[in-house]
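The values are calculated or read from the model by the stated rules, or taken from the named source; none is laboratory data. This one's a predicted model, so the numbers in the text were calculated from it and none came from an experiment. Counting neighbours? That spans all protein chains shown, and the Cβs are built from the backbone with ideal geometry, glycine included. For accessibility, only protein heavy atoms count, side chains too; no ligands or nucleic acids. Shrake-Rupley method; radii C 1.70, N 1.55, O 1.52, S 1.80 Å.
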Amino acid sequence: MILELDCGNSFIKWRVLELSEATVRAEGIAGSDIALIESLVALPGLLLTRCRLVSVRALEETDKLIAALVAAFGVAVSCAASAQEMGGVRNGYDDFQRLGMDRWLAMLGAFKLASGACLVLDFGTAATADFIGPDGGHLGGFICPGMPLMRNQLRTHTRKIRYDDAAAERALERLSPGRTTVEAVERGCTLMLRGFVLTQLELARGYWGEDFTVFLTGGDADLVRDAAPQARLVPDLVFVGLAMACPLS
Ligand SMILES: Nc1ncnc2c1ncn2[C@@H]1O[C@H](COP(=O)(O)OP(=O)(O)O)[C@@H](O)[C@H]1O
Ligand SMILES: CC(C)(COP(=O)(O)O)[C@@H](O)C(=O)NCCC(=O)O
Ligand SMILES: [K+]
């Protein structure tokens, strides 16, 4: 069995594939290294042979996680590394190593699935947009605060915005103007993200007319789905790219 990990700034997304790579045997989201290992240890019949991971975390943090995986399961771990070109996609950054690895892998996955121009929108801790032309050339992208950062900035830097996660979830059942603080903040930030999506779509149309595929991914992709009804929601887009960057043969 193969363990795949996508270590974002807030959560570790994980899944276990059968060796054939065709079947997802188990998957989840963990808030810490320890929680991840606990979830894996609890899986009946787990027999890991390989592990591949992508991380946007600090090198020391990632190394610590790798050491914990080796200690717990005795697996060899391969880590996705930056590249100037892969899978027909050419990294557009001035310094290719500076581009976030999650963005790079999502782009590889998107270009593989679309075989043409694409706009990749990822809603995690940060919200990111990346533009890949029909020839695989990466035009570059944008980075903004995502939903967790926007709401936490408001909660941290104002005196009177305080509410819990359950209230936040209820507030998003509608997007009419809020009549409570939690509604006003949660709906306001959601509309900011939707505005971000609409702007990226406009830019993409400027480049490619209607001839491009939009991909939505990341834990908060559902929040903006209505703003891009034409988009393909691919929650495991980073994992599609991870398999390309870390083949196990
Ligand atoms: N099961 C879940 N557990 C935790 N967060 C989730 C879950 N499903 C969706 N989310 C949302 O995903 C967001 C984090 O997205 P994610 O793509 O994991 O971020 P990152 O890659 O930056 O760690 C959170 O703001 C949360 O609202
Ligand atoms: C932009 C990001 C913070 C997104 O991280 P995430 O929200 O997925 O946790 C990450 O891709 C990153 O640290 N990138 C390096 C900077 C860059 O891409 O220019
Ligand atoms: K991510």
- Every residue from the stretch 208-229 that is more than 16 Å from ligand 3 (Cβ to nearest atom), touching a residue at least 40 places away in the same chain (Cβ under 8 Å) and either part of a helix (DSSP H, G or I) or crowded, with 19+ Cβ neighbours inside 10 Å (or both): TRP208, PHE212, THR213, VAL214, ALA228
- Task: State the number of residues belonging to the stretch 173-190 that are open to solvent by less than 20 Å² (accessible area, probe 1.4 Å) and charged (D, E, K, R).
- Result: 2
- Note on the structure: Residue hits (the stretch 40-60; free of Cβ contacts under 8 Å to residues at least 12 places away in the same chain and within 16 Å of ligand 3 (Cβ to nearest atom)) are ALA58
- Neighbours by Cβ (under 6 Å, 6+ apart or cross-chain): first from the stretch 3-29, free of Cβ contacts under 8 Å to residues at least 24 places away in the same chain and more than 19 Å from PRO148 (Cβ to Cβ); second of a type in the set (D, E, K, R) and within 14 Å of ligand 1 (Cβ to nearest atom): VAL24/ARG15; GLU27/ARG15
- If you take the residues in the stretch 160-207 that are assigned to a loop (DSSP other than H, G, I, E, B) and either in the same structural domain as ALA126 (by the TED database) or closer than 19 Å to PRO145 by Cα (or both), which one is farthest from the chain's Cα centre (by Cα)? ILE161
- Task: Mind listing just one residue for me: the one in the stretch 191-207 that is in contact with a strand residue (DSSP E or B) (Cβ under 9 Å, 6 or more places away or on another chain) and more than 16 Å from ligand 2 (Cβ to nearest atom) and, of those, most open to solvent (accessible area, probe 1.4 Å)?
- Result: TYR207
- Note on the structure: Selection over the stretch 1-37 where residues are within 15 Å of LEU242 (Cα to Cα) and aromatic (Phe, Trp, Tyr) yields a count of 1
- Criterion: β-branched (Val, Ile, Thr) and touching a Leu at 6+ places or on another chain (Cβ under 9 Å) - qualifying residue of VAL77, VAL41, VAL70, VAL56: VAL77
- Query: Quick one: in the stretch 5-25, which of the residues that are part of a strand (DSSP E or B) and surrounded by fewer than 16 Cβ atoms within 10 Å (Cβ to Cβ) is nearest to ligand 1 (Cβ to nearest atom)?
  - Reply: VAL24
- Is one or more of the residues making up the stretch 57-73 at pLDDT 95 or above, within 12 Å of ligand 2 (Cβ to nearest atom) and not β-branched (Val, Ile, Thr)? yes
